[in-house]
Amino acid sequence: MNAPSLRSTRRLSLALAAGAALLLCTTEASAQVGRHSRGHARRGAIARQLGITETQRDQMRAAAHEHRSQIEETRDTLRAAGRALKTALAAQPRDAATVDAARAAVHQAQEAAKAAREARRADVGAALTPEQREELKTLKEARRACRKP
């Protein structure tokens, strides 16, 4: 009688562990979907507040699409530089020159990524009227004020 109850206890434990793992994976996936949809909702709300026309929306989409490959390339470069730095820091014995070079590569990749994002932002924002740009600036400042204590 002891053996069957031990087996059923193990099965129950495994089933509970599998259920918990499934629940965690589902929760994480739904959180990621939620983040994605909130971004779209926020952009849509801002577009309505600014009164963006369909022509402007098309111009903004085209400008964003134009920069997509450059942004992806800089993102990939930054990830590779980060992995190289992590490898250099984990090496035993650690070579200071290699670590410094890897840090410099990360810094350079960060600057390139920042420049690509700013260029995209400038081209996308070029579709806005001066009044819409001022309104967007006001909205951004209000959002920043809410985030900072």
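The values are calculated or read from the model by the stated rules, or taken from the named source; none is laboratory data. Computed from a predicted model, the values in this text were never measured in an experiment. A quick note on method: Cβ atoms are made from the backbone with ideal geometry, for glycine too, and the neighbour counts reach across all protein chains shown.
Just wondering, is there one or more residues in the range 130-140 that are free of Cβ contacts under 8 Å to residues at least 12 places away in the same chain and assigned to a loop (DSSP other than H, G, I, E, B)? No; the residues of the range 130-140 include none that is free of Cβ contacts under 8 Å to residues at least 12 places away in the same chain and assigned to a loop (DSSP other than H, G, I, E, B). Of these, ARG48, ARG103, ARG75, ARG57, which one is assigned to a helix (DSSP H, G or I), surrounded by fewer than 11 Cβ atoms within 10 Å (Cβ to Cβ) and not small (Gly, Ala, Ser)? After ruling out the rest, the residue left standing is ARG48. So, of the residues in the range 84-118 that are acidic (Asp, Glu) and farther than 22 Å from GLU72 by Cβ, which turns out to be modelled with the lowest pLDDT? Of everything passing the filter in the range 84-118, ASP95 is modelled with the lowest pLDDT.
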